[in-house]
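Step one of this worksheet: look at the structure below.
The values are calculated or read from the model by the stated rules, or taken from the named source; none is laboratory data. As the structure is a computational prediction, the values presented were derived from the model and not from experiment. Every residue, glycine among them, receives a Cβ derived from its backbone with ideal geometry; neighbour counts consider all protein chains shown. Quick note on the areas: whole protein, heavy atoms, side chains included, nothing else; ligands and nucleic acids left out. Shrake-Rupley method; radii C 1.70, N 1.55, O 1.52, S 1.80 Å.
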Amino acid sequence: MDTHGFSLHRRQALLAMSAMAVAGSGLAQSRADTFPSKPIQLVLPFPPGGSLDPIFRTLAEAAAKELGQPVVLMHKPGAGGVMGTATLATMPESDGYTVAVMHNSVIRAPLVQKVNFDPLKDFSYLIGLFNLTTGICVAADAPWQTLGDLLADAKKRPGAISWGTVGAISINRIVAERLAKMAGTSFNMVPFKGGGEAFTALIGRHLDVYGDPGFGPQVRGGKARLLATFTQEPLKGYPGVPTVKASGFDLTIDSPMGLVAPKNLPPAIAAKLAAAFRKASLDAAYQTQLENFDMQHNLMTGEAYTAYAHTAYERDAKMLKDIGFKLD
């Protein structure tokens with residue numbers, strides 16, 4: 001056996017592989033250096049008209065200034081805000097030109113329905129942006145003045161009072177069910193595609209209660225009444241409105257939103273996107289939109305957001321087990 005020839009062949013193969021690795025690294029760096037060279041799509045998995053529409057539209061406009069390319073907001077509603085984001089999970093790799101809004105219903109999805117993606121493996125988490133603020137609202141002319149009034153009436157008429165949320169698997173829906181159970185009653189839970197549709201139904205008295213974020217403009221405009229919030233502390237802008245926890249029910253909702261890309265996003269491109277959206281999150285117009293809809297500014301790095309996703313998945317698995325939920 002010609003060992004000299006074998007070792008020479010092996011050295012040549014190793015050198016070729018090294019050259020390919022260097023070339024690949026150089027190509028990746030070249031792509032990062034020129035990124036972005038075309039518009040970026042920002043997928044919002046909810047329909048137009050809700051509170052998230054103006055929030056992410058202003059964020060996209062601010063990020064476009066930082067990136068030097070348009071950031072185009074694309075509405076892809078469906079499955080309670082899961083479908084649009086989930087489309088990114090089917091992409092084998094990412095070039096940075098498609099990002100999507102991530103929220104807890106997407107992280108929770110495999111626990112409550114059969115899906116073809118893994119929220120902990122199939123996305124590149126870019127940045128956490130803000131916390132949703134969930135409140136319990138009724139129409140301004142509804143008969144209930146307090147949360148106590150609402151729950152007392154619900155106890156007299158179990159299942160008769162309708163309670164709306166965006167999507168059928170949101171944390172807001174799950175916690176509303178827990179509230180009803182703790183109060184010894186039940187509500188007729190009604191899922192909506194988006195907040196705009198739900199508030200139209202509420203104000204038109206086709207829906208009794210709405211338990212989701214985005215209530216600010218309707219409450220301040222005198223069209224809806226805020227009975228309580230699922231926050232740790234009372235909201236400063238709504239004096240006299242208690243938290244659900246202070247009302248005797250130990251329930252709060254932790255629900256951040258952020259941005260993800262498909263898996264295998266090159267680190268240099270991820271860093272560029274994260275830096276641009278981080279700077280955009282300080283834009284005055286965007287901050288005003290957060291205030292308008294009572295969202296809480298909460299920046300997280302991609303690493304911290306990834307860690308949060310794992311924690312939230314484990315927490316929700318336990319919570320669903322505690323309430324006896326079983327995946328069909």
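Peptides 122-135, 221-234 ranked from most to least packed give 122-135, 221-234, packing being the mean of other C-beta atoms within 10 angstrom over each peptide's residues. When peptides 58-66, 103-111 are ranked by their average number of other Cβ atoms within 10 Å per residue, the highest-first order is 103-111, 58-66. For Gln296 and Lys155, the FRET efficiency from 1/(1 + (r/R0)^6), where r spans their Cβ atoms and R0 equals 41 Å, is about 0.80. Around the Cα centre of segment 186-313, unit charges on the Cβ atoms of Lys, Arg, Asp and Glu (plus for the first two, minus for the last two) sum to a dipole of about 260 debye.
Solvent-accessible area per residue for segment 46-155 at a 1.4 Å probe radius, Å²? Here the per-residue accessible area is 36 Å². Shape of segment 75-124 from its Cα gyration tensor (a ≥ b ≥ c, root eigenvalues): rounded if a/c is under 1.5, otherwise prolate when a/b > b/c, or oblate? It is oblate, given that a/c is not under 1.5 and a/b is not larger than b/c.
Just check segment 164-265 against the gyration tensor rule for me: Cα atoms, a ≥ b ≥ c as the square roots of the eigenvalues, rounded for a/c under 1.5, and otherwise prolate or oblate depending on whether a/b exceeds b/c. Please list the in-between numbers first.
Numbers: a/c = 1.33, a/b = 1.23, b/c = 1.08.
The shape class here is rounded.
Once the Cα-Cα distance is subtracted from the 0.36 nm per residue extended length, the Gln113 to Ser37 segment shows a gain of 23.5 nm.
Classify segment 236-328 as rounded, prolate or oblate from the Cα gyration tensor: take a ≥ b ≥ c as the square roots of its eigenvalues, call it rounded if a/c is under 1.5, otherwise prolate when a/b beats b/c and oblate if not. Taking the square roots of the gyration eigenvalues as a ≥ b ≥ c, segment 236-328 is oblate.
Please report, in debye to the nearest 20, how large the charge dipole of the chain is about its Cα centre when each Lys and Arg carries +1 at its beta carbon and each Asp and Glu carries -1 there.
In total the dipole reaches around 260 debye.
Look at the dipole of the chain built from charges on Cβ: of Gly222, Val112, Thr146, the Cα furthest out on the positive end belongs to Val112. In summary, the helical segments of the chain meeting the span-like criteria, namely a full DSSP H run, a Cα extent along the axis of 24 angstrom or more and a mean Kyte-Doolittle hydropathy of at least 0.0, are 3-34. Dividing the summed -39500 (n - 2.57) terms of all DSSP H runs of n ≥ 4 by the residue count of the chain sets its mean residue ellipticity at 222 nm at -13500 deg cm²/dmol. Straight-line cross-link partners of Lys318 among the lysines, defined as a Cα under 27 Å from its Cα and at least 8 positions apart when in the same chain: Lys114, Lys121, Lys181, Lys193, Lys245, Lys263, Lys326.
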